[in-house]
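Visitor: Got a structure for you, written out below as structure tokens; questions coming shortly.
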Amino acid sequence: MFWTGDKTPRLGIDLAGGTSVTLTAKSDDKAAINKSNMDIATGIIQKRVNGMGVSEAEVQTQGDSNIIVNIPNGGDKQAAIEQIGTTAKLYFRPVVALAPTGVDPSALNTGSPSPSASGSASPSSGASANASGTSASPSGKPSASASKAGRAVSDALKADPSASASPSATASGSAAAAPSGGATPSAPTSMSPEQLTAALTQGTVPADVQQQFAALDCSKPEQRKDFQTDPKKNAVACSYDKEQGVWYKFALGPVAVNGADVSKAQALFDTQRAGGWQVDLSFDDNGSKAFATTTGTLATQASPANQFAIVLDGKVVSHPYVSQSITGGSATISGSFSQDDAKGLANVLSYGALPLTFDMSDVTTVSPQLGGDQLQAGLIAGAIGLVLVVIYSLVYYRGLGLVSIAGLLVSAILTYSIMCLLGSSIGFALNLPAVCGAIVAIGITADSFIVYFERIRDEVREGAPLRPAVQRAWPRARRTILVSDFVSFLCAAVLYVVSVGKVQGFAFTLGLTTLLDVVVIFLFTKPLITLLARRKFFANGHPWSGLDPKRLGARPPIRGSRRRSSANAPKEA
């Protein structure tokens with residue numbers, strides 16, 4: 001269904017307020033910051049913001065290295081702001097080691113919580129691996145009976161501390177020492193943060209990043225940046241577990257699959273599991289081959305080396321486990337996802353690869369007060385114009401003026417309803433130029449009425465009765481109205497194509513109201529006048545009908561005049 005029950009249109013940033021974000025491009029190669037790359041980045045950021053359900057967002061370049069993103073209130077604005085700040089390249093890297101950082105030992109003594117950004121990779125055929133970091137069997141592979149458990153690192157908390165005394169302790173070793181059930185022993189509170197991290201590190205940290213991994217504290221914002229981005233080298237990265245409230249750090253291998261090889265990603269509700277959301281992936285040819293090779297290798301490894309990390313801007317967005325090689329170019333990431341988590345991950349996978357890296361140099365909140373004042377002034381101007389049209393119609397057309405007023409009301413109701421419908425279905429947002437387009441449409445609609453009324457009056461002046469006059473006037477009036485509306489619609493379409501930003505709102509509204517004018521004149525005005533022509537008030541040419549033959553200067557019927565003349569002529573003797 002398209003209708004969501006909204007009874008008011010969505011408003012753009014100039015009317016509803018919102019946030020303006022300035023992104024500044026940076027690159028070691030100054031030549032990379034060029035018009036081509038900036039245009040590509042602008043298009044991708046536009047898609048990413050729209051993918052979060054934010055309508056009427058404006059994304060445009062400013063100068064040589066800046067992109068301005070205007071995000072109106074409404075939709076998931078905060079998530080959109082977070083995502084436009086994460087604009088570096090997207091990679092799939094194998095997980096080599098991981099550990100919690102910057103936490104008190106007692107904070108981790110929570111059993112086995114389920115992570116918010118974890119999941120399992122599965123082939124499209126439906127054979128699924130287990131969900132996120134579960135308790136492991138002695139072989140180090142996830143157990144099918146533990147699909148609802150938490151991270152592998154959480155299982156280390158169940159193990160005897162002496163079994164994980166060194167940073168190089170493997171997941172299989174710690175999991176094998178874990179008790180099969182019962183209460184979880186308290187973590188040793190006498191450990192320093194470095195000792196605790198070493199005790200809880202899962203996997204073996206590569207030598208070239210050992211020092212960086214040991215010093216990294218992901219709970220400190222200043223350390224969550226400037227990570228290694230060379231796809232051919234090992235790297236470290238961070239991830240935040242919302243349910244545990246804990247930052248984790250990862251040691252990652254070289255890039256196995258480039259994010260640019262993801263051809264499509266979408267969030268879907270998993271009907272196989274109650275209340276579960278998942279992300280379906282499709283790869284291109286290069287990505288399919290690389291992904292099949294990588295998952296086949298990971299499936300043979302012990303935890304956590306059987307995971308691959310989806311990395312964006314040095315942050316691990318998700319790190320699902322793999323239990324078998326995934327072929328066919330499609331995969332599913334499932335786990336403890338909320339709807340927002342799944343959509344956010346799908347959005348990142350679809351639009352995450354950018355040619356440049358950006359810093360969020362400025363974030364400004366836009367007040368709707370100025371736009372509200374302008375809107376009020378515009379509505380007052382529109383109301384004045386509408387009143388003048390009504391007065392003119394009643395004074396000049398009298399009874400027919402009521403038809404034009406009714407037509408304007410029908411057109412206004414249709415326009416408002418469609419704007420509400422488009423706002424809930426495709427995210428159309430009303431801005432100030434769009435309001436101007438709707439005000440201009442008053443004149444277009446009134447013009448169509450005037451054309452038809454004048455054609456009818458021309459027929460009455462020629463001496464035709466009203467009912468035949470209505471029928472004869474319609475073909476000529478119809479042709480004129482269609483030509484006039486076609487020209488208006490063509491102008492609106494051209495303006496929409498060649499313009500950008502808010503001007504497109506004016507063109508869209510103008511084109512929409514022009515189409516509605518055709519609908520109103522054909523389906524409302526013409527049938528209504530046909531019915532009124534049968535009423536004595538109009539058919540007999542009442543002075544207040546607007547169709548009084550005497551007032552219009554109608555000529556008497558020619559045939560009637562000849563008959564009366566011949567009847568009054570003297571008879572020959």
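The values are calculated or read from the model by the stated rules, or taken from the named source; none is laboratory data. From a predicted model like this one, the values you see are computed outputs, not experimental measurements. Heads up, the Cβs are rebuilt from the backbone with ideal geometry, glycines too, and the neighbour counts pull from every protein chain shown. Areas reflect the complete protein model, heavy atoms only, side chains present, ligands, DNA and RNA absent. Shrake-Rupley method; radii C 1.70, N 1.55, O 1.52, S 1.80 Å.
Visitor: How far apart, in nm, are two points set 7 Å out from the Cα along the Cα-to-Cβ line at N258 and at T365?
Guide: Each label point is offset 7 Å from its Cα along the Cβ direction, giving 4.2 nm.
Visitor: When the accessible area of segment 278-340 is split by element with a 1.4 Å probe, what percent falls to carbon and sulfur?
Guide: Working: 940 of 2110 Å².
So the carbon and sulfur contribution to the accessible surface is 45 percent.
Visitor: Hey, with R₀ at 51 Å, roughly what FRET efficiency would L402 and S20 work out to, going by the Cβ-Cβ distance, to 0.05? Could the numbers behind the result be given before it?
Guide: Working: r = 47 Å, r/R0 = 0.93.
With a Förster radius of 51 Å, E is 0.60.
Visitor: Using every alpha carbon pair in segment 336-465, what percent of pairs falls into each 5 Å bin from 0 up to the bin containing the largest distance?
Guide: Histogramming segment 336-465 at 5 Å steps yields 2, 8, 11, 13, 12, 11, 9, 8, 7, 6, 5, 4, 3, 2, 1, 0 percent.
Visitor: Suppose all protein chains stay in the model; what accessible area per residue would a 1.4 Å probe give for segment 432-529, in Å²?
Guide: Details: 4370 Å² over 98 residues.
With all protein chains present, segment 432-529 gives 45 Å² per residue.
Visitor: Ordered by residue, what ³J(HN,Hα) values in Hz, to whole numbers, does segment 297-307 give under the Karplus form 6.51 cos²θ - 1.76 cosθ + 1.60, where θ = phi - 60° and Gly and Pro are x?
Guide: 3J(HN,Hα) across segment 297-307, in whole Hz: 6, 5, 4, 8, 9, 7, 5, x, 6, 9, 10.
Visitor: What residues from segment 435-477 fall in the zone where the backbone N is under 16 Å from a label point 7 Å along the Cα-to-C-beta line of I413?
Guide: Within reach of a label on I413: no residues.
Visitor: Can you give me the accessible area per residue for segment 237-335, using a 1.4 Å probe, in Å²?
Guide: Values: 3640 Å² over 99 residues.
Computed with neighbouring chains in place, this is 37 Å² per residue.
Visitor: Less than 15 Å Cβ to Cβ from R535, Lys/Arg counted +1 and Asp/Glu -1: what total charge do the surrounding residues give?
Guide: Working: positive: R398, R467, R534, K536; negative: D548.
Combined, the nearby Lys, Arg, Asp and Glu give +3.
Visitor: A follow-up question, please. For segment 453-462, just list the computed ³J(HN,Hα) in residue order, Karplus coefficients 6.51, -1.76 and 1.60, θ = phi - 60°, integers in Hz, with x standing in for Gly and Pro.
Guide: Working through the residues one at a time gives 4, 5, 5, 4, 5, 4, 5, 5, 4, 6 Hz.
Visitor: Could I ask something else about it? Given points 7 Å out from each Cα along the Cα-Cβ axis, report the A493 to A32 separation in nanometres with one decimal.
Guide: Label at A493, label at A32, 4.2 nm between them.
Visitor: What is the sum of charges, Lys and Arg at +1 and Asp and Glu at -1, for the other residues whose Cβ falls under 10 Å from the Cβ of S488? Walk me through the numbers on the way to the answer.
Guide: Values: positive: none; negative: D447, D485, D517.
After counting each charged neighbour, the total is -3.
Visitor: Volume per residue, Å³, of the convex hull around the alpha-carbon atoms of segment 372-430? Could the numbers behind the result be given before it?
Guide: Working: hull volume 3.8 nm³, N = 59.
Dividing the Cα hull volume of segment 372-430 by its residue count gives 65 Å³.
Visitor: Follow-up question, since we're still on this one. With r as the distance between the Cβ atoms of I426 and D230 and R0 = 41 Å, compute the FRET efficiency 1/(1 + (r/R0)^6) and round to 0.05. Numbers along the way, then the final one.
Guide: Working: r = 41 Å, r/R0 = 1.01.
Efficiency for this residue pair is about 0.50.
Visitor: Something else now. Send over the semi-axes of segment 238-334's equivalent ellipsoid, whole angstrom and largest first, taken as the square roots of 5 times the C-alpha gyration tensor eigenvalues. The partial results should precede the final answer.
Guide: Working: eigenvalues 83, 69, 39 Å².
Taking √(5λ) for each Cα gyration eigenvalue gives 20, 19, 14 Å.
Visitor: Also: Just to confirm a number: summing +1 for Lys and Arg and -1 for Asp and Glu over residues other than A441 whose beta-carbon lies under 15 angstrom from that of A441, what do you get?
Guide: Numbers: positive: none; negative: D447, D485, D517.
Around A441, the charge tally is -3.
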